[in-house]
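Reading through the structure tokens given below for one structure.
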Amino acid sequence: MPKNQPNKNPSKTKPKDPETTILEFEDNHLLAQLVGEHDRYLARIEQGLEVSVTSRGNKMAVSGSKHARTAAKNVLMDLYKRLEKGLDVTEGEVDGAIRMAGDDPASDGSRASVAESASMIVTKRRRITPRSTNQAYYVNSLRKHELVFGLGPAGTGKTYLAVANAVSMLIENKVDRLILARPAVEAGEKLGFLPGDMRDKIDPYLRPLYDALYDMLPAEEVVKRLENGEIEVAALAFMRGRTLSNAAIILDEAQNTTPVQMKMLLTRMGENSSMAVTGDLSQIDLPLGVRSGLHEAVKILQGVKGVDFINFGESDVVRHPLVTRIVKAYGEHDREKQLALKSKNSKPD
């Protein structure tokens with residue numbers, strides 16, 4: 001056969017995609033923090049992205065599919081840049097980086113680090129970065145829109161990020177006060193049977209909002225701002241008749257408002273105010289036959305200028321991994337019930 005005869009099957013001679021990506025890091029001390037004690041963070045990355053990561057000296061070798069290697073590279077670089085900025089790396093941050101890299105792995109190396117992104121929220125006690133793509137959309141929406149609805153299951157960061165953003169606005173003097181409201185009791189806010197004065201009655205229902213505040217501000221500052229009125233945590237019933245100007249307003253557990261209550265709060269917004277409304281439409285605790293104000297508002301306000309809706313799903317749950325699996329299991333159960341109900345209703349009598 002002549003030496004210059006062309007290969008009849010050129011595809012067999014194409015170079016294969018390299019199966020290993022080598023990453024090099026400058027600071028071995030930061031690298032030790034990146035891999036975690038007993039390499040536990042590397043183990044989470046390997047399991048979450050289906051790659052193999054080997055660390056030797058100041059280099060890492062990442063093996064796996066091209067897509068998985070790119071995602072792993074993004075995770076490792078995100079976390080390393082976070083450490084360079086003096087930020088902590090925890091299991092939650094690792095899981096969040098895995099989740100975001102898996103959503104959108106950029107192959108050209110131009111992907112911005114989460115630690116460098118504009119969606120980071122800075123408070124006095126911590127810097128908070130999104131742990132899912134939807135969380136990043138949510139933070140950016142809170143900064144751009146006057147009214148944002150955060151909808152989805154528990155554990156997706158809806159309320160926590162809304163409070164963090166509002167605290168940041170207060171610290172930066174973009175607003176004069178922060179107002180956090182919740183339906184105090186799921187069914188009609190009937191507080192009379194509870195012991196104590198009015199504050200004693202409603203505080204247990206507002207505790208999650210206090211917890212978020214203490215996570216972002218020193219305790220003495222929270223107390224001071226609560227006393228001087230810069231921060232107000234109140235039951236929804238106490239918003240009636242007020243105009244809330246120069247304020248960041250958050251309505252939590254909004255699925256348990258009635259349509260009248262929802263309209264009442266939405267129309268409280270005054271000049272230079274913004275509002276975040278959070279809720280889970282699958283967890284409505286109102287009495288049978290009472291419509292959810294959140295459900296109605298989502299229908300009515302679609303397409304209204306200045307209003308945005310961010311829908312979180314099961315994959316956005318950022319609590320303990322078991323919580324994610326529990327939420328998914330309940331979601332599947334609810335879908336099976338809906339299918340069974342539709343099937344039953346479609347059968348002829």
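The values are calculated or read from the model by the stated rules, or taken from the named source; none is laboratory data. Being a predicted model, the structure only gives us computed values, none of them experimental. Positions of Cβ are generated from backbone atoms using ideal geometry, with glycine treated the same way; all protein chains shown enter the neighbour counts. Heavy atoms of the whole protein, side chains included, go into the accessibility calculation; ligands, DNA and RNA do not. Shrake-Rupley method; radii C 1.70, N 1.55, O 1.52, S 1.80 Å.
Scanning segment 123-173 for residues that are in a strand (DSSP E or B) and open to solvent by 20 Å² or more (accessible area, probe 1.4 Å) turns up just one, Arg127. Residues that are within 14 Å of Leu180 (Cα to Cα), within 23 Å of the chain's Cα centre (by Cα) and open to solvent by less than 30 Å² (accessible area, probe 1.4 Å) within segment 239-260 comprise Ala247, Ala248, Ile249, Ile250, Leu251, Asp252, Ala254, listed in sequence order. When the residues of segment 226-238 are filtered to those that are open to solvent by less than 40 Å² (accessible area, probe 1.4 Å) and in contact with a strand residue (DSSP E or B) (Cβ under 6 Å, 6 or more places away or on another chain), the one that is modelled with the lowest pLDDT is Ala234.
A Cβ distance below 9 Å, combined with a sequence gap of six or more or placement on separate chains, defines the contacts here; from segment 334-345, residues that are within 17 Å of Ile284 (Cβ to Cβ) reach residues that are of a type in the set (S, T, N, Q) in the pairs Asp334/Ser282.
Residue-wise test of (1) over 24 Å from Arg127 (Cβ atoms); (2) at pLDDT 90 or above; (3) touching a helix residue (DSSP H, G or I) at 6+ places or on another chain (Cβ under 8 Å).
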position	(1), (2), (3)
Leu34	no, yes, yes
Ala43	yes, yes, no
Leu76	no, yes, yes
Leu79	no, yes, yes
Arg82	no, no, yes
Gly86	no, no, no
Gly92	no, no, no
Ala97	no, no, yes
Met100	no, no, yes
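In segment 274-294, of all residues being in a loop (DSSP other than H, G, I, E, B) and within 22 Å of Gly157 (Cα to Cα), the one that is most open to solvent (accessible area, probe 1.4 Å) corresponds to Gln283. Among the residues making up segment 74-94, a single one is buried (at least 23 other Cβ atoms within 10 Å of the Cβ) and either in a loop (DSSP other than H, G, I, E, B) or in contact with a strand residue (DSSP E or B) (Cβ under 7 Å, 6 or more places away or on another chain) (or both): Leu76. When residues in segment 261-317 are screened for being within 23 Å of Asn134 (Cβ to Cβ), acidic (Asp, Glu) and more than 23 Å from the chain's Cα centre (by Cα), 0 of them pass.
As for segment 303-314, it holds at least one residue that is over 30 Å from Gly92 (Cα atoms) and surrounded by 15 or more Cβ atoms within 10 Å (Cβ to Cβ).
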